[in-house]
Each structure stands twice: as C-alpha cells, then as structure tokens.
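Report on the structure given below.
Every number in this text was worked out from the coordinates using simple rules, so none of it is lab data. These numbers were taken from a predicted model, which means no experiment stands behind them. Glycine gets a Cβ as well: all are built from the backbone with ideal geometry, and neighbour counts include every protein chain shown.
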Amino acid sequence: MEAILSLIVLILSVIAHEVAHGYAANTLGDPTARLAGRLTLNPLPHIDLMGSIVLPALLIFTHSPILFGWAKPVPYNPYNLKARRWGEALVALAGSATNILLAVIFGLIVRYATTIGLDQTAISFAATIAFINLFLGLFNLIPFPPLDGFTALRAALPWHLSSGLSRFEHKVRNAGVLSLLLFLIVFSYVFAGPFFNLVLWLFGLLAGASI
C-alpha cells in the first residue's frame, strides 16, 4: 500500500512539475502549452506510459535509491518568450521550484502536525509528499540533459558558452533513452548515496523528523 501511495504521489508530482513549466511559459508570453490544453492538473493529457508509470513503479517497487519519472513534456516556443534567454531559464526552473515549494509546504505540515492535530496516517502522507517532491525538485536541477538544470544553465550562459552546451545536448538527445539510462546507472552507482543523504538532511530540516 505504501509503495502504491508513493507511486501515485510521484505521478502527480511530475504532472505538477510539467504544468508549472507551461504556466511559466504562458506568463512570459508563450501560449503554446495553454493552446495545447496542457495547463491542467487532469493527469490524462500528461501521462507518459514509460516515464509516468512503468519506470517510477519499477524504481519504487525495487526500493531504488532514485525516485524519478517524467510526464509528457509541456510544449513551449522559446522564441515567444519575453527576455528569451532568461525567460527560457525561468521556464526550466519553474518545475523544480514547484516541487520544492510543495516539499516546503508539506514538510512544515509534518513539523507542526501535532499542533494542528493530524493523526499518524496524515503525517505519513504529508511526509511522503514532501520527500518525493524534494527529491524530484533537486534531482531535476542536476545539469545534465534533458534535466531542467542543464536547460537553465544553457539558457543563462552567454552565447559563446551556451552554444557548446547546445551541441552536447543535441548529441545526448540523439542517443535517445539510452543516454538517460546510462546517466541513471552512473548516478545510481556513484552519486545516489550522497544525493539521497542530502535530501534526507534537507527533509529533516524542513520537517523536524526523519522519514
């Protein structure tokens, strides 16, 4: 039951992440996501079978140190954005910012749970939401394509530096899902432990408790 709950929370969290990209783009002048009907929390337009269900379920049910998934990317046209370079960076960061905001809100709910009279089931649910969103938000800030941290870095750098990153991103995307799997394998064996401990530490600061 706990694994199924974690899967549902992860799916909804990646959807909130993508919707935030769309709202940010719309606010900055690009209506592409809105016109495509993607500014909705209804899961159906967003769910990607592999990224939203199969991979997250595999990671959760195998007790992987990584919690990762994705929804169908929200479309946007960077040429429509106001202040295109910084606009693209803001759109990229909006998803992680939303996940981190959710983590802060639900982490504080856990911290003050006894004050507001929550029972243990509600506390556990809030803790799951906080932890998954914190993990997802920070993970997406890693500067490796196609993660948002890389997009924000590329967009924010001067052209003579960002052009090299664009070529690297193009090569990674041409490799398709193979590049993502290779990244996840390397991350799992080299960086997952320290990253997981960082998320646990930040969760403890927010919630005043361990998970």
Checklist entry - Assuming ARG85 fulfils every condition listed in (1) in contact with a helix residue (DSSP H, G or I) (Cβ under 9 Å, 6 or more places away or on another chain); (2) exposed (fewer than 15 other Cβ atoms within 10 Å of the Cβ) apart from one, which condition is it? => result (2)
Checklist entry - Does VAL172 satisfy the criteria of being more than 23 Å from ASP30 (Cβ to Cβ) and surrounded by fewer than 22 Cβ atoms within 10 Å (Cβ to Cβ)? => result yes
Next on the checklist: among the aliphatic types (A, V, I, L, M) and not in a helix (DSSP H, G or I): is that true of LEU10 in this structure?
Outcome noted: no
Checklist entry - How many residues are closer than 17 Å to GLY137 by Cα and more than 17 Å from the chain's Cα centre (by Cα) if we restrict to the range 19-72? => result 0
Checklist entry - Does PHE183 satisfy being closer than 21 Å to GLU18 by Cβ and either among the hydrophobic types (A, V, I, L, M, F, W, C) or in a helix (DSSP H, G or I) (or both)? => result yes
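Considering only helices (runs of 4 or more DSSP H) fully contained in the range 74-152, which possess at least 3 residues that are of a type outside the set (Lys, Arg) and within 10 Å of the chain's Cα centre (by Cα)?
Here the list reads 84-111, 120-139.
Restricting attention to the range 17-52, which residues are outside any loop (DSSP other than H, G, I, E, B), of a type in the set (D, E, K, R) and closer than 23 Å to ILE100 by Cα?
Within the range 17-52, just GLU18 meets the criteria.
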